[in-house]
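Input: a single structure, listed below in structure tokens.
The values are calculated or read from the model by the stated rules, or taken from the named source; none is laboratory data. Because the structure is predicted, anything quoted here is derived from the model rather than measured. Cβ atoms come from the backbone with ideal geometry, glycine included; neighbour counts cover every protein chain shown. Quick note on the areas: whole protein, heavy atoms, side chains included, nothing else; ligands and nucleic acids left out. Shrake-Rupley method; radii C 1.70, N 1.55, O 1.52, S 1.80 Å.
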There are 2 protein chains.
Amino acid sequence: MSHVLIVDDERDLAELIDFNLRGAGFSTRLAFTGEAALAAAREQSPDVVLLDLMLPDLSGIEVCRHLRANSQLRDVLIVMLTAKSEEADRIRGFEVGADDYVVKPFSVRELVLRLKAILRRSATPKESVPPLALGPLRLDVTAHRFYVEGQETSLTALEFRLMEHLMARLGRVQSREQLLEEVWGLSSSLETRTIDTHVMRLRDKLGNARALLETVRGVGYRIVDPTAG
Amino acid sequence: MSHVLIVDDERDLAELIDFNLRGAGFSTRLAFTGEAALAAAREQSPDVVLLDLMLPDLSGIEVCRHLRANSQLRDVLIVMLTAKSEEADRIRGFEVGADDYVVKPFSVRELVLRLKAILRRSATPKESVPPLALGPLRLDVTAHRFYVEGQETSLTALEFRLMEHLMARLGRVQSREQLLEEVWGLSSSLETRTIDTHVMRLRDKLGNARALLETVRGVGYRIVDPTAG
DNA sequence: AGCGTCCGTCACCCATTTGTCACCCAAGGG
DNA sequence: CCCTTGGGTGACAAATGGGTGACGGACGCT
């Protein structure tokens, strides 16, 4: 199956994860510091790096950045492990390109599911992820670019994720709770009103196409299909 | 909604949780000891067990193990409540298969979010629900759209829920009390006459199809099957 | 250190939604 | 035919939900 590099300085936890991932059929390797993680990754390219945010030497974010900066390792999948209080870091993490987040304390069951899901997603070669095109909107996940009426429009990391999430669920209403959970991350303790603000900012950037991002009062938001009659 | 078994020997806390979960629409049951929890679970399979780690008789971990060992209850979702300091127990908790953790002290809001999240995840992945179609009426739950004779008709969130409820129970009369409980949610202390108003508003929006929403004098309302009879 | 960007939170405002009431009329029983 | 009861309906006030602009904190960059 797939090879996972587990990076966490809490040995008990790392070993617990190790034990369970092996049970689930993954091959694994452990690292307890950021430096060790980078060395291990260089030596034996893993498919996924499971990366604790709090490490004694480098922070998880720095490790992440180093991995992304290495041409050999650029495409490795990175799953961040964050403590609940580190919500703010999560956003940063997405910016440096983590592929998923799991919030501590988490269940092993969930962790394994997430790993499998992310591997499945990346199983299709990345080049072939077709850009999401929709009327005047085009979102290129691979290149991380977004176009409105052919014009490239810069979105922040969070806006991009929100837009991607909504476009991938064309026509389906997404509740604020769903969005918080799936775009912001599990157990996010944000105000749901925060979403409104980001939707507004997105709409601003959509310009003429702003009508495509609809509010469903009392329910949530959705992207409408401009071709639907 | 879902049934939650709350297990905690601190009665004040258990009751606080109880109050809030009921407010959020869950049905609940309390147990103050491990034995009582197991008995309650056997008697009335809950969807989720909210399990304090520190109990006077059995530890939460033992309760967890018993639940997992019982073929009837094996698949119940288990959310552990742990004090921050109980790191070691957390690890052991993973081993016996808790599905999520909430660390005390926690905010009630977060707890509710976590519960909803975990229930949603374990629910059958209802990416999209097939629309309810019925003669000239079509109600698309996923997109949250409603059509009369092919024409989209806007319903408020409440009207939508009411319509969904009635259409899903085609032909069956729903009493006002039933509707209040199931559409408005428990704990609603409304006048039953309020329903009349909403039924009227719905009928207005149904236009030609208004006859499909029948009054059963002295009993309640129902949607009739236009193809029957 | 200074600046700019991004993000979360607030407070204010408005439109819509929702609950309630009062006044009827219709149905059904005698 | 009359009376009772339940439901339809329009009007109204209150509550809610969402848009929006502003603010401050955190962070990266120079």
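Results, tabulated for the structure shown:
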quantity	calculated
Qualifying positions in the range A:1-21 - away from chain B (no Cβ under 14 Å) and over 23 Å from the mean Cα position of the chain (by Cα)	none
Residues of the range A:107-130 satisfying the condition of being modelled with pLDDT of 75 or more and buried (at least 16 other Cβ atoms within 10 Å of the Cβ)	A:L111, A:V112, A:R114, A:L115, A:I118, A:L119
Qualifying residue in the range B:210-219 (condition: more than 10 Å from DNA strand D (Cβ to nearest atom) and away from chain A (no Cβ under 14 Å))	yes
Residues (more than 22 Å from B:A157 (Cα to Cα) and assigned to a loop (DSSP other than H, G, I, E, B)) located in the range A:199-229	A:P226, A:T227, A:A228, A:G229
Residue in the range B:171-189 that is modelled with the lowest pLDDT, counting only those that are open to solvent by less than 40 Å² (accessible area, probe 1.4 Å) and within 14 Å of chain A (Cβ to nearest Cβ)	B:G185
Selected residue (criterion: farthest from DNA strand D (Cβ to nearest atom)) from residues of the range A:150-164 that are under 18 Å from the mean Cα position of the chain (by Cα) and open to solvent by 20 Å² or more (accessible area, probe 1.4 Å)	A:E164
Residue that is farthest from B:A41 (Cα to Cα) [pool: residues in the range B:71-83 that are open to solvent by 40 Å² or more (accessible area, probe 1.4 Å) and of a type outside the set (D, E, K, R)]	B:S71
Within the range B:29-46, tally of residues that are surrounded by 19 or more Cβ atoms within 10 Å (Cβ to Cβ) and not in a helix (DSSP H, G or I)	2
Residue under evaluation B:A168, criteria (1) more than 11 Å from DNA strand C (Cβ to nearest atom); (2) within 13 Å of chain A (Cβ to nearest Cβ); (3) aliphatic (A, V, I, L, M), criterion not met	(2)
Pairs where the first residue, in the range A:151-178, is not assigned by TED's automatic domain parsing to the domain that holds A:D204 and the second is crowded, with 18+ Cβ neighbours inside 10 Å and not aromatic (F, W, Y), C-beta under 7 Å, 6+ apart	none
All positions within the range B:190-216 that are among the hydrophobic types (A, V, I, L, M, F, W, C) and either open to solvent by 40 Å² or more (accessible area, probe 1.4 Å) or in contact with a Lys or Arg (Cβ under 7 Å, 6 or more places away or on another chain) (or both)	B:L190, B:I195, B:M200, B:A211, B:L213, B:V216
